[in-house]
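Here is the structure we will look at.
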Amino acid sequence: MEEEAKPIRQPQRRLNPHLQEVVRAEVLKLLQAGIIYPISDSPWVSPTQVVPKKSGITVIQNESGEEIATRLTSGWRVCIDYRKLNVVTKKDHFPLPFIDQVLERVSGHPFYCFLDGYSGYFQIEIDVEDQEKTTFTCPFGTYAYRRMPFGLCNAPVTFQRCMLSIFSDMVERIMEVFMDDITVYGGTFEECLVNLEAVLNRCIEKDLVLNWEKCHFMFIWDEKCQKSFEQLKQFLTTAPIVRAPNWQLPFEVMCDASDFAIGAVLGQKEDGKPYVIYYASKTLNEAQRNYTTTEKELLAVVFALDKFRAYWVGSFIIVFTYHSALKYLLTKQDAKARLIRWILLLQEFDLQIRDKKGVENVVADHLSRLAIAHNSHVLLINDDFPEESLMLLEKAPWYAHIANYLVTGEVPSEWKAQDRKHFFAKIHAYYWEEPFLFKYCADQIIRKCVPEQEQQGILSHCHENACGGHFASQKTAMKVLQSGFTCPSLFKDSHIMCRSCDRC
């Protein structure tokens, strides 16, 4: 525990009758198994929480007759809310393996067996002095764990350390282990059976119990399996798929940026044919959306550097980007401070930046585009469109309270007197003509009030298009007013847009 940590007692939480029976059955089961015991004088008490329990994956048909993979919900899981206990617990920083690296290591083997531990955490005992800290309360009393429960912050790393100590001489040689999931592999069927026997003998030796229902050894290959296999082969040979990297070949990274997101694809070429290793994309925050095009494109490269760093170190990388100016930034001395910082981050890598047109860089380009392109194909109308999605607003416009008052005559009840006074001082300048709000401006001109999602398009039109001319922010804002539109932050937004304009 952390120094000066004080015991924390929490009251029990209310449960409905059905969940009470779930808790009762779980408590009785754990008592009979000797995993918990009654306790009445513990200074540490945490409440129970019941969550859905999912187990296994099956294939079912949806309403369209398509077969889709679905995870089965097999019941309820009783958990303990140890969040306050975890806050004062010293953290164990034992590293957990990366799933993608585990998959890369096993991808080159043709035969596999999958094992799953049975109630893995409960197979680890808790020190007698620490058992009282696991005390939980429920409608049927207070109990403490003799064995490690779910919810403790150090439980995953403790279990992973235990599994690695059990299979230390086998991991990365004949098997991989992540928590209670074990993968045994081999180059031939006979070799895989020998490796499986060695792993099972180790489980018997260390009293490690497996869950037979979740273990996968073999199955009968029938006509349906063959049909699915042929269909899968067709999919895999006609569309790009993710593959494990070949560390003897150079890496290629395709980057692209849009106004709202950046995308990157890590790949390699083998025998002249490209294949993908990793896809990545990220939406831009409000500050990053104001970057210039050059800054956004370089940000995409820096994002790829951070995401794919484990692949880049010690390897030759070719970076493809749809912005030829990036090639010259590496030697430019008078660039912005932000660009120079990013360029310095790239200096430690052996990379080469090449220009690739957007029509050729389609994968990264699609990852960076949030908007769906226009589809000219005729699609059937979905009659099951949910009514709650009709007229749905992601964000209320700035004039929502004004429009509501003009229509209903009501103002928010939580407003203070000062808010009401400020509101009624300006309300006389507005009038509502459904579905638009208009304002009598100081120059005696009536202008339409524009919501936030339309402001950027109007500013861009008045600044960049034929009626624009890339004038300064003040004149751009005046062009918006002359066009018959208004909004409270017009001059501020105009200044931000002109500052981020590449040509300006």
For residue 441, the lone unmet condition from (1) surrounded by 15 or more Cβ atoms within 10 Å (Cβ to Cβ); (2) modelled with pLDDT of 85 or more is (1)
Out of everything in region 247-293 that is β-branched (Val, Ile, Thr) and modelled with pLDDT of 85 or more, what residue ends up being farthest from residue 320 (Cα to Cα)?
283
Where residue 151 falls short, out of the listed (1) assigned to a loop (DSSP other than H, G, I, E, B); (2) out of contact with any Leu (no Cβ under 9 Å at 6 or more places or on another chain):
(2)
Quick check on my filter: what residues within region 487-504 are surrounded by fewer than 16 Cβ atoms within 10 Å (Cβ to Cβ), modelled with pLDDT of 85 or more and not in a helix (DSSP H, G or I)?
488, 489
Which listed residue is surrounded by fewer than 16 Cβ atoms within 10 Å (Cβ to Cβ), of a type in the set (Gly, Ala, Ser) and without any contact (Cβ under 8 Å) to a residue 40 or more places away in the chain, from 429, 477, 403:
429
Which members of region 108-124 meet the condition of being crowded, with 19+ Cβ neighbours inside 10 Å and touching a His at 6+ places or on another chain (Cβ under 9 Å)?
113, 115
Here's a check for you: in region 171-206, which residue that is of a type in the set (Asp, Glu) and buried (at least 20 other Cβ atoms within 10 Å of the Cβ) is nearest to the chain's Cα centre (by Cα)?
180
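The values are calculated or read from the model by the stated rules, or taken from the named source; none is laboratory data. The structure presented is a predicted model; accordingly, all values stated were derived computationally and were not measured. Heads up, the Cβs are rebuilt from the backbone with ideal geometry, glycines too, and the neighbour counts pull from every protein chain shown.
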